[in-house]
1. Order of 18, 151, 29 from fewest to most other C-beta atoms within 10 Å?
2. Want the number for residue 26 to residue 104: 0.36 nm per residue separation, take away the alpha-carbon distance, what's left?
3. Based on other C-beta atoms within 10 Å, arrange 175, 36 from fewest to most.
4. Going through segment 22-80, which GluC sites (Glu not before Pro) have at most 13 other Cβ atoms within 10 Å and a DSSP loop state?
Amino acid sequence: MPKKKQQSSIDRLPDDIREKLQELLRDPRVTQLDATARINAILEAEGHDDRLSKSAVNRYAVRMAEVGAKLRETREVAKMWIGQLGAEPQGEVGKLLNEMVRTLAFRTAMRAHESPEDEPIDPKLLKSLAISVYRLEKAASENLQLEERIRKQEREAAKAEAARAVEKVAKKQGTSAETIDALRAAIMTEMSS
C-alpha cells in the first residue's frame, strides 16, 4: 500500500497566516528569510507549536511562482486566441477549450498507461477522464445543434426581410396583391434552396 503523502508545514498553517505568508512573498521588498522570520514570530505569538523552515518557504515560493507563471501564460494564450477569433469568439473559444481539455485527458491517459506495471491506474482518474470526455462530446454536439438553429433563424429572418423589402417596392409601384404574393412566395422558395 502506498504511503500517504505528508502535508507540508505551510499547508498545515491556519488560513489567515498562510494568506499573510502569500502576501509577504508577493512583496518584492520582503526576502524569503524575512517572510519566514515574520511568520514564525506570528506563530509564536499565537501559541502555535509549528515553525516554518527556510527551505519550506523557498519550496512554497517556487511552487507559487510556477503556478503564477502558468496562469499568466494561460491568460496570454487566451488573449491571443480571442484576438484572432474576432468579434464573435464564443463558439470558437468553446471549441478551443474543448480541444485543450481533450488533449489534457489524452495526455493524462497516456501517462497512466505508461506507468510501471506494479503501479495500478487510479480508478477515480479513469472515471474522471471518462466523464470529462463524455461531457465534452455532449457539449460539442449541443453546440453544433445550437449553431445550426441560430443559422436557420438567421436564414428565416433574411428571407422575411427580403420579402418585406420586395413587397414595399412592389406596393409603391402599384403591383397587384396577387403579384406581390407570388413574389413573396418565390423569394421564400428561392432562398430556402
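1. Working: 18 15, 151 10, 29 6.
The fewest-first ordering by Cβ neighbours comes to 29, 151, 18.
2. Values: separation 78, 0.36 × 78 = 28.08 nm, distance 2.99 nm.
Net length gain for the segment: 25.1 nm.
3. On the way: 175 15, 36 21.
Arranged by neighbour count, lowest to highest, 175, 36 become 175, 36.
4. Values: sites: 23, 44, 46, 66, 73, 76; in loops: 46.
Of the GluC sites (Glu not before Pro), the ones in loops of segment 22-80 whose Cβ has at most 13 other Cβ atoms within 10 Å are 46.
Just so you know, all these numbers are worked out from the coordinates, no wet-lab data involved. Quick caveat: nothing in here was measured; it's all calculated off a predicted structure. A quick note on method: Cβ atoms are made from the backbone with ideal geometry, for glycine too, and the neighbour counts reach across all protein chains shown.
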